Structures are given as structure tokens and as C-alpha cells.
Amino acid sequence: MRVKKILAAGLVLCLSLQLLCACGRTQKVLTNKVHVGVTYYDQSDTFLGELLASFKEQLNACESGDLETAVMIRDAGGSQKTQNDQVKELIDAGCNVLCVNMVDRSDPSDIIDLAREHDVPIIFFNREPVAEDMMQWDKLYYVGADARQSGVMQGELAADLIKQNSQIDRNKDGKIQYVVLEGEPGHQDAIIRTETAVEALRNNGIKLEKLGYQIANWNRAQAQNRMEQMISQYQNQIELVLANNDDMALGAIDAYKKLNYTDATLPVFFGIDGTDVGLEAVADSLLSGTVYNDKEGQAGAMVKLAVALVTGYGMDQIEFKNERYIYLSYFKVDKDNVGELYEDK
Ligand code: BGC
Ligand code: CA
């Protein structure tokens, strides 16, 4: 299996960094040693594992005669206290820029204080601190994506398929009975994805009936468990499963598999992310669609920003929203275009 996009993203980044070095010679170099300290909320997260693999690859790829890079990565194991300690350790170890994926995105003050004391800029990613916290210091940045956009795209993918395929309304009542698997409460992506997906389905003329929802914290095994509960409650009534990410959509599919459901009695499933396993499931027609969360683009933006913050080169070439934010666009993936991103070996 190969994910085609990664290489392309890396190449673009290297080219732009070479250009940047070539044309900025008269500028003062702060230092050419970029030592990045990364800490992320939990190593069991599929999407973040892939994002960080791409980050390492792209950071490494921009090493050149002039530029030295190093990275230290820490897993906070779901504990904010552990993450605060890790930030201290990373700064003590000499990291001159931090990439932080908060455990509790509402609680970044300790980390910001530590970084400010040592004048080490922070690039938050994927778990967005609230706007007031981002104003605590001027060396705070955020790289991520717009949750609304992913929800709308998921809803549109589902609406298109429902219009094309009258079999999805299995009981022929003119409505689609659906359930939702939701990510962590309090995460900027969870509730917004659900709300906007449902809104987009309605805006596209689909009549809906919500049967239930469960929180499964982005996690495949939890989603399987919660889905088994919903199947025992609603039996064959469920026609559509909307999941806030691919891992939870796959957990829902696991639940049906375990209960030996046959294809004709399965609902349709939609995820978000386009992780390797997610794309594979789309290619295998298990998952009807997903929305690509551009991890290579996000990782590339983090590398570019980290290098610019440390070296003093290239800040003017980065496009920010509200001076501190970089949001990468999502895009839709279904069986028609999945081959562009994914191929079987
Ligand atoms: C992704 C999820 C991931 C979560 C972690 C979301 O943007 O879609 O797959 O678990 O971020 O913070
Ligand atoms: Ca129906």
C-alpha cells in the first residue's frame, strides 16, 4: 500500500526552502539549527501518528548544507500534567521551537508561561486552543483545519450517494434513519462536524430521522463497542452511520462484521480523515466516503513555520489567517477518486 500524496508534499516544501535560502542571503540568520520539540496528546491516535510520520519526513527532507534539523517527540499519554513536564524537558534539552498538540486544549497556560520564560515559540496543532489563550503571547501559532468544512463535505458526500441509490432507504419511508459516532467532547472538531454534516444533508433535500448517537473519543475499539449497543437497540433500522473520523467509522463496520450482518442489511458509513486504513476501506467499498484531513499539508506547514521562526527566514512567505493561524483545506474522497491517493501494492 502506498499513499501517493506524501511525496508530492515533501517535494514542494524542499523546493520552496531552497528558494527561500537562495534569495534571503542578506537577511540576518538567527541560527541554522532547528531543534523541534513535539508533544502530542496520545500515541494511540491513528491520524496523529500519520501526521507526525509525515512531519519527521518533511523536516528531514529540508536539511541542507546550511540547515540542520533535529526533532524530539513525546507522547503525553492523555495526561495534561505529563505534557506540561514534557514541555519543560524539551526546553531543557535545547529545543528552540515547540509543536504542541494539547491534551486539554482549554488549559495551555502553564505551557505558554514556560515557553515565554525561555523565549521558545509554540506551534499548536490539531487541537486548537481558544482564541483568548492564543492572545497570551505573540509567539503562539496554530496549524489545523476548519471543522465546518469537513462536516459540510461529509454531509454532501452522504447526500449525493443517498440520491443516487434508493436502496439506502431500506424501509422505504422516504427518510434516512441515522446514528452518529462522536469524537471527544470539548474537541473543536467533534460537535461541529456532526452539526454541519446533518445540516448539509438537510440542505441537500434529504429527510432524516436521528435514532441515536454515542461518544467514542476518536477510537476504533470504543466505536465498535458503542455501535454494538446501538445495533442491539435499533436492530435493522439504521440506514446511515456518520462518524466524526475514519477510526470510528471502521469501528462501526467492525461491530456489524462481528454480528455477521450481510451486505444487504448494512447501513452506509462515512468517516473523516483519509488515514491509510480509511482510504483502504473506501477502496474496498466498505466505507462509502471520507473527507481528507490534509495531514501532509499540515505537517508541511508546521515544518515551514518552525524553520522560519528559528532561522528568521521565510516568515513573509507564509500565508496566515488572523496573523497566527494556518488552516489547510479538506477535500472529499469516494470510490471515484480514492485511486489518486491510494494504491494496492
Ligand atoms: C481527527 C481525528 C483525531 C483528532 C485528534 C481530528 O482532527 O480527525 O482522527 O483523532 O483530531 O485530536
Ligand atoms: Ca428509511
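Inside segment 237-252, can you point out the residues that are within 15 Å of Val180 (Cβ to Cβ), assigned to a helix (DSSP H, G or I) and open to solvent by less than 50 Å² (accessible area, probe 1.4 Å)?
First, pick out the residues of segment 237-252 that are within 15 Å of Val180 (Cβ to Cβ): 237-249, 251-252.
Retained after the next criterion (residues that are assigned to a helix (DSSP H, G or I)): 237, 246-249, 251-252.
Selection gives Asp246, Asp247, Met248, Ala249, Gly251, Ala252.
Within segment 269-287, is even one residue closer than 18 Å to Trp218 by Cα, open to solvent by 10 Å² or more (accessible area, probe 1.4 Å) and assigned to a loop (DSSP other than H, G, I, E, B)?
No: zero hits.
Out of the residues in segment 167-191 that are part of a helix (DSSP H, G or I) and touching a residue at least 12 places away in the same chain (Cβ under 8 Å), state the one that is nearest to ligand 1 (Cβ to nearest atom). Walk me through how you get there before you give the answer.
The first filter runs over segment 167-191 and keeps only residues part of a helix (DSSP H, G or I), leaving 167-168, 190-191.
Next, only the ones that are touching a residue at least 12 places away in the same chain (Cβ under 8 Å) stay: 168, 190.
Details: Ile168: 24, Ala190: 8 Å.
So, considering only residues that are part of a helix (DSSP H, G or I) and touching a residue at least 12 places away in the same chain (Cβ under 8 Å), the one nearest to ligand 1 (Cβ to nearest atom) is Ala190.
Look at segment 71-109 and say how many of its residues are under 17 Å from Leu51 (Cα atoms) and in a strand (DSSP E or B).
8
Restricted to segment 189-246, and to residues that are among the aromatic types (Phe, Trp, Tyr) and under 24 Å from Val333 (Cβ atoms), which residue is nearest to ligand 2 (Cβ to nearest atom)? Step through it out loud before you land on a result.
Pass one, segment 189-246, residues among the aromatic types (Phe, Trp, Tyr): 213, 218, 234.
Now narrow it down to the ones that are under 24 Å from Val333 (Cβ atoms): 213, 218.
On the way: Tyr213: 17, Trp218: 28 Å.
Step by step, filter segment 189-246, then rank; the result is Tyr213.
Yes/no per residue for (1) surrounded by fewer than 17 Cβ atoms within 10 Å (Cβ to Cβ); (2) under 22 Å from the mean Cα position of the chain (by Cα):
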residue: Asn60; (1), (2): yes, yes
residue: Thr69; (1), (2): no, no
residue: Gln80; (1), (2): no, yes
residue: Gln83; (1), (2): no, yes
residue: Glu89; (1), (2): yes, no
residue: Gly94; (1), (2): yes, no
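Charged (D, E, K, R) and within 13 Å of ligand 1 (Cβ to nearest atom), is that true of Asp284? Give the steps one after another, and end with the answer.
Working: charged (D, E, K, R): yes; within 13 Å of ligand 1 (Cβ to nearest atom): no.
Criteria not met by Asp284.
For segment 159-178, state whether one or more residues are under 16 Å from the mean Cα position of the chain (by Cα), of a type outside the set (Ser, Thr, Tyr) and either within 16 Å of ligand 2 (Cβ to nearest atom) or over 21 Å from Cys99 (Cβ atoms) (or both). Write out each step before concluding.
Filtering segment 159-178 for residues under 16 Å from the mean Cα position of the chain (by Cα) gives none.
No, segment 159-178 contains no residue that is under 16 Å from the mean Cα position of the chain (by Cα), of a type outside the set (Ser, Thr, Tyr) and either within 16 Å of ligand 2 (Cβ to nearest atom) or over 21 Å from Cys99 (Cβ atoms) (or both).
Within segment 151-166, does at least one residue satisfy the condition of being within 13 Å of ligand 1 (Cβ to nearest atom), buried (at least 19 other Cβ atoms within 10 Å of the Cβ) and in a strand (DSSP E or B)?
Filtering segment 151-166 down to residues within 13 Å of ligand 1 (Cβ to nearest atom) leaves 151, 153-154.
With buried (at least 19 other Cβ atoms within 10 Å of the Cβ) added as a condition, the list becomes 151, 153-154.
Applying the additional criterion that residues be in a strand (DSSP E or B) yields none.
Scanning segment 151-166 turns up no residue that is within 13 Å of ligand 1 (Cβ to nearest atom), buried (at least 19 other Cβ atoms within 10 Å of the Cβ) and in a strand (DSSP E or B).
Mind counting the residues in segment 200-224 that are part of a loop (DSSP other than H, G, I, E, B) and more than 16 Å from ligand 1 (Cβ to nearest atom)? It would help to see each step written out before you state the result.
Restricting attention to segment 200-224, the residues satisfying the condition of being part of a loop (DSSP other than H, G, I, E, B) are 204-207, 216-219.
Checking the rest, the ones that are also more than 16 Å from ligand 1 (Cβ to nearest atom) come to 204-207.
Total satisfying the criteria: 4.
Name the residues in segment 128-137 that are touching a residue at least 24 places away in the same chain (Cβ under 8 Å) and open to solvent by 10 Å² or more (accessible area, probe 1.4 Å), would you? Walk me through it before giving the result.
Initial filter on segment 128-137 (touching a residue at least 24 places away in the same chain (Cβ under 8 Å)): 128-130, 133-134, 136-137.
Residues satisfying the conditions are Glu128, Val130, Asp133, Gln136, Trp137.
Can we say Ala299 is of a type outside the set (Ser, Thr, Tyr), within 14 Å of ligand 1 (Cβ to nearest atom), within 22 Å of Val198 (Cα to Cα) and crowded, with 24+ Cβ neighbours inside 10 Å?
Considered against the rule, which asks whether it is of a type outside the set (Ser, Thr, Tyr), within 14 Å of ligand 1 (Cβ to nearest atom), within 22 Å of Val198 (Cα to Cα) and crowded, with 24+ Cβ neighbours inside 10 Å, Ala299 comes out as no.
Taking the options Ala264, Ala197, name whichever one is of a type outside the set (S, T, N, Q) and within 16 Å of ligand 1 (Cβ to nearest atom). Let's see the steps before the verdict.
Numbers: Ala264 fails: within 16 Å of ligand 1 (Cβ to nearest atom).
The match here is Ala197.
Report yes if some residue within segment 115-122 is in contact with a Lys or Arg (Cβ under 6 Å, 6 or more places away or on another chain), modelled with pLDDT of 95 or more, farther than 20 Å from Val291 by Cβ and not in a helix (DSSP H, G or I); otherwise report no.
Our first condition is that a residue be in contact with a Lys or Arg (Cβ under 6 Å, 6 or more places away or on another chain); within segment 115-122, this holds for 121.
Now restrict to residues that are modelled with pLDDT of 95 or more: 121.
Of the ones still in play, those that are also farther than 20 Å from Val291 by Cβ are 121.
The next check asks that each one be not in a helix (DSSP H, G or I); those that pass are 121.
Taking every residue of segment 115-122 in turn, at least one turns out to be in contact with a Lys or Arg (Cβ under 6 Å, 6 or more places away or on another chain), modelled with pLDDT of 95 or more, farther than 20 Å from Val291 by Cβ and not in a helix (DSSP H, G or I).
Go through (1) under 18 Å from Asp246 (Cβ atoms); (2) open to solvent by 60 Å² or more (accessible area, probe 1.4 Å); (3) of a type in the set (D, E, K, R) for Glu184 and report which single condition fails.
Result: Glu184 passes all but (2).
Is it the case that Gly289 is closer than 26 Å to Ala115 by Cβ and either away from ligand 2 (no atom under 16 Å from the Cβ) or at pLDDT 95 or above (or both)? Show your work before the answer.
Numbers: closer than 26 Å to Ala115 by Cβ: no; either away from ligand 2 (no atom under 16 Å from the Cβ) or at pLDDT 95 or above (or both): yes.
So Gly289 does not fit the description; no.
Could you tell me whether any residue of segment 308-316 is without any contact (Cβ under 8 Å) to a residue 24 or more places away in the chain, closer than 30 Å to Ala70 by Cα, in a strand (DSSP E or B) and open to solvent by 30 Å² or more (accessible area, probe 1.4 Å)?
Scanning segment 308-316 turns up no residue that is without any contact (Cβ under 8 Å) to a residue 24 or more places away in the chain, closer than 30 Å to Ala70 by Cα, in a strand (DSSP E or B) and open to solvent by 30 Å² or more (accessible area, probe 1.4 Å).
Please tell me if Gln43 is part of a loop (DSSP other than H, G, I, E, B) and touching a strand residue (DSSP E or B) at 6+ places or on another chain (Cβ under 7 Å).
Values: part of a loop (DSSP other than H, G, I, E, B): yes; touching a strand residue (DSSP E or B) at 6+ places or on another chain (Cβ under 7 Å): yes.
Yes, satisfied.
For segment 229-236, indicate whether the set of residues that are under 26 Å from the mean Cα position of the chain (by Cα), closer than 21 Å to Arg170 by Cα, of a type outside the set (Gly, Ala, Ser) and open to solvent by 20 Å² or more (accessible area, probe 1.4 Å) is non-empty.
no
The values are calculated or read from the model by the stated rules, or taken from the named source; none is laboratory data. What you see is a predicted model, and the numbers here were worked out from it, not measured in a lab. We place every Cβ from the backbone using ideal geometry, glycine too, and count neighbours over all the protein chains shown. We work out accessible area using only protein heavy atoms, side chains counted, and drop any ligands, DNA or RNA first. Shrake-Rupley method; radii C 1.70, N 1.55, O 1.52, S 1.80 Å.
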